[in-house]
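The block underneath contains the structure these notes are about, expressed in structure tokens.
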Amino acid sequence: MRRIFALVVAGALAVPMLGQSVIPNSPGRKPAFAIRNATIYPVTSAPIANGTIVFANGMITAVGVNAAIPPDATVIDGTGLSVYPGFIDSGTTIGLVEINSVAGTVDTTELGTFNPNARADVAVNPHSNVIPVTRVSGITNVIVSPEGGVVSGQSALMHLAGWTNAEMTVKAPAAMMVRFPRLRSRPVGDVAPEADAARKQRRSYREEIENLRELFRDAQAYAKAAQARAADKSVRRFDRDLVLEAMVPVVEGRLPVTIEANLARDIKSAIAFADEFKLKMILVGAQDVAQFIPDLRQRNIPVILGPIMTLPPREDDAYDLIYSNAAALHQGGIRFAFRSNDAHNARNLPYGAATSAAFGLPKEEALKAITIYPAQIFGVAGKLGSLEAGKSANLFISDGDPLEIRTNIRRVFIAGEDIPMDSLHTLLYEKFRKRP
Amino acid sequence: MKNKNILLRVACAIALALALAANGVQAQERVTAITNAKVLTVTNGVIERGTVVIRGSKIAAVGADVAVPAGANVIDGAGKFVFPGIIDSHSHSAIEGSVNEISLPNTGMVRVADAMTADDISPYRQLAGGTTTALLLHGSANAIGGQSQIAKWKVGRPISEWIVADAPRTIKFALGENPKSANFRPPAGVERQYPATRMGVEEVIRKSFIDAHDYLARWDEYEARRKRGEQVIPPRRDLLMETMADILRRRIDVHSHAYRADEMLMLMDVARETGFKVTAFQHVLEGYKVAREMAVERIAGGTFIDWWGYKAEAYDAIPYNVALMVRNGVLTSVNSDSDELARHLNHDAAKAMKYGGLTEEEAMRLCTINPAKQLKLDHRIGSIEAGKDADLVIWTGHPLSSYSRVETTFIEGEIYFDRARDLEMRKQLAKEKAELLAKEQKRRTE
């Protein structure tokens, strides 16, 4: 199998080609594995020294010091190694972009303002080279999120393995992505503002929010009509409207809305908007989030922070504004997770979490914010995010703390399948290391 | 009368000399000692529990058994790590809106030093990430860009003091997608500029040096005829050709932006043919494919460790690039090209341990002594050695750990960032801001 990979890579580098060897969501038997003598970090309970973890048919069956190893299991000696649940990146464009500057490979941003019917899971390329590059770093699951417009579309929670989109998909839609309208007070670049630029900007900002409100009101009306028709077939039939139909689970509070807002005034507007429409809101980006702890706690709104390795938005911000947000949320008792908001370097997700720990977040919390917390936020804590019997075997073996940069990831399992540790990068490395 | 005047003058001179001497003594004797810290010297190993003595702008002593001079300001470094100031071999900070003189394929006559500003916030944020020195380059919009400037982040001091006066002159070349304007559309009504292909980029550089040889020949002819006593009009001075000539005379180092392996080989060929030297390839994403050729030509490489896929020419970029270049004997550094990445180049250095298995010491070199050598300033910066500039950073943990943060950053013995001081300053700034807003509020209501 690996030789086939190498041949394909050598053949056509311009074409995304690294195949997936696993079928996470396919039915049928999958091999049993047991990792023993390892330090196991279940995340939801204390670390287990000299522990054993057993998984079969894609599911974890036992975790503990004395977990029984089934006779048919492939046994991996974990002496000196650690086992962690696979990391979950709460916001990426993985699979939607291969090369940013080549338009033909970019499927992140649909035209127009409102695209609630755009679905990330249908556009993910399961054979993107970004997928193996990311998963060999221990990230086994990602939220793939559309970008652009105001209502960008439906994000999906995916395994980073699978021959098809369907096999990769854990949950779709995971959330409705909304990039909340922003009031830009300053002109972009060196262009001198028009005399009434500020007034114009305020007007267009108000219009944007009013248009968004109208979309949500229309969706409420559509949901009502759909309910009436479902309950009573004598209610007049109406043509389906896919935009409004996609909004129904949102206005009915069944599908969470990830609302990206960063500056204080935008976060404030976003929260007010979610109040008005009784949305199941998840705040995303949230650079000024520390000013809103009581508001978020009162409404039980979780937060997705990131990217962490980014500059503060204003010149006079504290240099560590972004680094310190996670600690503030932790102290305020707000549930939060991290996202990379990236594709190619989503693999650096754990180092943003670690940087948050350098600025006041307890280390265990940093780990939880890329494992169990995102699983909770996206409603999949029964399947993912920790090492517990009954959960999907999404996990990795490392030679140390995986939030430390120098730590190596040795093996990765997604839904119980042994993931090849190859990627475009390792293959090019091996190829040129052997250059005579 | 005359004598009195002389006496007065002598007295004045003595007073002045004494005053100067006193000042000098004062400056020299401002002594700081960082004690009990783990000192990562980079060039002479790790001192588990060491002392670094700073006298004036220089490191006076470093070691396990160094005595703390009487009267020294002592900073207890117990549990802390001391590391050299990080050197960023590719930066565009503090060049307000003037990174690219985009108007010609060769703008070698312009200088970054003429466009530097001291009010960019980025250098301060970089100090908070342990970065103290940077090579400020022209952009990559043209095949031959402007002349670069090496500077230290002496935030709060006039810009003239940021400039490292004895640093070598350097110039930026650029190959590939950027100088051929592959990813930018010119504004409406503006025609696309030559070159539009890698062929054109090669031609621009080659022709520039051939022109420079002709330019030098014209001057040589002129000098020869003048010396023979002929009445001759001197050739016209051309600032661009003067720059190109200085590159040929090895008075300006070439740092060339390059992504693809083939274009690096191209520049090596042009350099051989026209007689200049490439000091370093910048970004050098495919350096791993031609690391051997780079090593033979003694061309250094400054790279991002893991950026990839953002353009076609970055699709073969691999994080193992650094390790492969180092293993082939290329003088390698990690650099930022970014106000953001410049705040955590320590992370990028650490990644070279993960990707390709460099040792901790090799990894530490990537952001300290190696860029110092690339900038030909390793006699002054890049390691913790007696006699070198006191550009030092105190970290809460090992600088290659993602859990570490910077406590204090020194440049030439002066503190330019201190976390405790920063936290204090925030309160003051918040107060000042509130007062200004209240004042404005009052003005509006009146």
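The values are calculated or read from the model by the stated rules, or taken from the named source; none is laboratory data. Predicted model, so just to flag it, every value in this text is computed and none were measured. We place every Cβ from the backbone using ideal geometry, glycine too, and count neighbours over all the protein chains shown. We work out accessible area using only protein heavy atoms, side chains counted, and drop any ligands, DNA or RNA first. Shrake-Rupley method; radii C 1.70, N 1.55, O 1.52, S 1.80 Å.
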Task: Of residues in region A:38-68 being polar (S, T, N, Q) and in a strand (DSSP E or B), the one most open to solvent (accessible area, probe 1.4 Å) - done: A:ASN50
Task: Check on A:VAL124, open to solvent by less than 70 Å² (accessible area, probe 1.4 Å) and under 30 Å from B:TRP308 (Cβ atoms) - done: yes
TODO: Pull up region A:217-261, narrow it to residues that are in contact (Cβ under 8 Å) with a residue 60 or more places away in the chain and in a loop (DSSP other than H, G, I, E, B), then point me to the one that is surrounded by the fewest Cβ atoms within 10 Å (Cβ to Cβ).
DONE: A:LEU255
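One line per residue, one yes/no per condition, for (1) hydrophobic (A, V, I, L, M, F, W, C); (2) crowded, with 16+ Cβ neighbours inside 10 Å:
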position	(1), (2)
B:PRO186	no, no
B:PRO195	no, yes
B:GLU202	no, yes
B:ARG206	no, yes
B:GLU221	no, no
B:ARG236	no, no
B:LEU240	yes, yes
B:ILE252	yes, yes
Task: Listing of strands (runs of 3 or more DSSP E) fully contained in region B:263-339 that carry 2 or more residues being of a type in the set (Gly, Ala, Ser) and outside the structural domain of B:SER181 (by TED's automatic domain parsing) - done: none
- [ ] Hey, can you tell me all the residues within region B:260-285 that are open to solvent by 10 Å² or more (accessible area, probe 1.4 Å) and closer than 20 Å to B:PRO371 by Cβ?
- [x] B:LYS277, B:THR279
TODO: Report those strands (runs of 3 or more DSSP E) wholly inside region B:33-78 carrying at least 3 residues which are free of Cβ contacts under 8 Å to residues at least 40 places away in the same chain and within 30 Å of the chain's Cα centre (by Cα).
DONE: B:46-55
TODO: Could you list all residues from region B:179-194 that are over 14 Å from B:THR107 (Cβ atoms), more than 14 Å from every other protein chain (Cβ to nearest Cβ) and either within 29 Å of the chain's Cα centre (by Cα) or not basic (Lys, Arg) (or both)?
DONE: B:PRO186, B:ALA188, B:GLY189, B:VAL190, B:GLU191
Task: Failed condition for B:ALA115, given (1) within 30 Å of B:SER256 (Cα to Cα); (2) touching a residue at least 24 places away in the same chain (Cβ under 8 Å); (3) open to solvent by less than 30 Å² (accessible area, probe 1.4 Å); (4) small (Gly, Ala, Ser) - done: (2)
Task: One residue from B:SER402, B:SER336 being of a type in the set (S, T, N, Q), surrounded by 23 or more Cβ atoms within 10 Å (Cβ to Cβ) and within 9 Å of another protein chain (Cβ to nearest Cβ) - done: B:SER402
TODO: Give me a count of the residues in region A:319-350 that are within 8 Å of chain B (Cβ to nearest Cβ) and closer than 24 Å to A:PRO146 by Cα.
DONE: 6
- [ ] Return yes when B:ALA212 is in contact with a helix residue (DSSP H, G or I) (Cβ under 8 Å, 6 or more places away or on another chain) and farther than 24 Å from B:PRO168 by Cα and no when it is not.
- [x] no
Open item on the list: Criterion first (open to solvent by 30 Å² or more (accessible area, probe 1.4 Å) and more than 18 Å from B:THR409 (Cα to Cα)) does B:GLY356 satisfy it?
Closed with: no
Open item on the list: Tell me yes or no: at least one residue of region B:313-321 is touching a residue at least 12 places away in the same chain (Cβ under 8 Å) and under 14 Å from the mean Cα position of the chain (by Cα).
Closed with: no
Open item on the list: Consider region A:96-120. How many of its residues are within 13 Å of A:GLU147 (Cβ to Cβ), within 14 Å of chain B (Cβ to nearest Cβ) and either open to solvent by 50 Å² or more (accessible area, probe 1.4 Å) or within 17 Å of the chain's Cα centre (by Cα) (or both)?
Closed with: 4
Task: Complete set of residues in region A:408-436 that are within 18 Å of A:ILE76 (Cβ to Cβ) and not hydrophobic (A, V, I, L, M, F, W, C) - done: A:ASN408, A:ARG410, A:ARG411, A:GLY416, A:GLU417, A:ASP418, A:PRO420
Task: Of all residues making up region B:407-442, the number that are hydrophobic (A, V, I, L, M, F, W, C) and within 11 Å of chain A (Cβ to nearest Cβ) - done: 5
- [ ] Taking the options B:ARG30, B:ARG111, name whichever one is out of contact with any Asp or Glu (no Cβ under 7 Å at 6 or more places or on another chain) and modelled with pLDDT of 95 or more.
- [x] B:ARG111
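Out of A:ILE308, A:ILE282, which single residue is open to solvent by less than 20 Å² (accessible area, probe 1.4 Å), of a type outside the set (S, T, N, Q), touching a residue at least 12 places away in the same chain (Cβ under 8 Å) and outside any strand (DSSP E or B)?
None of the other options fit; the residue is A:ILE308.
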